[in-house]
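Worksheet: the structure to be examined is printed underneath.
Please treat every number below as a calculation from the coordinates, not as lab data. Values in this document were obtained by computation on a predicted structure and should not be read as measured data. Counting neighbours? That spans all protein chains shown, and the Cβs are built from the backbone with ideal geometry, glycine included.
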Amino acid sequence: MIQHLRNIRDSIIKTIDLFYFPFLQFIPREVFRYAVTGGLNTLFDLTLYFVFYRFVLDMQIVDFGFVAISAYIAAFMMVFPITFITGFILAKYVTFNASELRGRIQLFRYGVTVFGAILLNYIFLKLFVEYFGWYATFSKAVTTVIVVLYSYLSQRYFSFKTARLMLSGKASE
């Protein structure tokens, strides 16, 4: 089973790296892999968000009796656990596989950085939808751009801590 998972990981890496050549002179391989895996996970997130917001929740407030949650926040809360898992797996095994940190430390740190991303998502969704009057899906897309920048920097320098490895030349290219 483990070997099968390694083969899947290796196939994903090889597929991503096939498209790296045109970017070779402009960005490091790790950044390219982050862009691809993060882009795919973000596309997955936006697709799930749209489906949950429009069709599952029918853009209606979710009323639990003791608290009511707007549909756009409820959709975010439903999608988050799914993309948290897919994001961590892609970051750990595809993007930042040169990290020497233990898996449980990576997961804890990833959780901390993701908590920051949740706060940013909540703040910007509230700001864009309620104060700027933007459409929820467009607001989510703009919020995602902001959060992706935060996420890359925090994952590279904190969660998976590969920045020092890259500078010392220990990372596999």
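Numbers below:
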{"quantity": "Rounded if a/c under 1.5, otherwise prolate or oblate - the stretch 1-74, Cα gyration tensor axes", "calculated": "prolate"}
{"quantity": "Helix 2-18 axis, angle to the chain major axis (alpha carbon atoms, nearest 10°)", "calculated": "90"}
{"quantity": "Computed FRET value (nearest 0.05) for Phe21 with Phe158, which takes r as the C-beta separation and R₀ as 35 Å", "calculated": "0.70"}
{"quantity": "Structure-derived semi-axes √(5λ) of the Cα gyration tensor in Å: which label, when the choices are (1) 29, 17, 13; (2) 51, 19, 12; (3) 32, 17, 16", "calculated": "(3)"}
{"quantity": "Residues Ile82 and Arg104, FRET efficiency given R0 of 22 Å [Cβ-Cβ distance, rounded to 0.05]", "calculated": "0.55"}
{"quantity": "The chain, helix-only ellipticity at 222 nm - DSSP H runs n ≥ 4, -39,500 (n - 2.57), divided by all residues, nearest 500", "calculated": "-21500 deg cm²/dmol"}
{"quantity": "Separation of alpha-carbon centers, the stretch 89-148 and the stretch 1-31, rounded to whole Å", "calculated": "22"}
{"quantity": "For the stretch 83-168, alpha-carbon Rg relative to the globular expectation (2.2 N^0.38 Å, N residues)", "calculated": "1.23"}
{"quantity": "For the stretch 153-160, Karplus couplings with θ = phi - 60° (6.51, -1.76, 1.60), whole Hz, Gly/Pro x", "calculated": "4, 6, 6, 5, 9, 10, 4, 10"}
{"quantity": "Candidate aspartates and glutamates - alpha carbon under 14 Å from Lys14, same-chain residues fewer than 8 apart omitted", "calculated": "Glu30, Glu173"}
{"quantity": "Vicinal HN-Hα couplings computed from phi for the stretch 120-127 (Karplus, 6.51 cos²θ - 1.76 cosθ + 1.60; Hz; Gly/Pro x)", "calculated": "5, 4, 4, 4, 6, 4, 4, 4"}
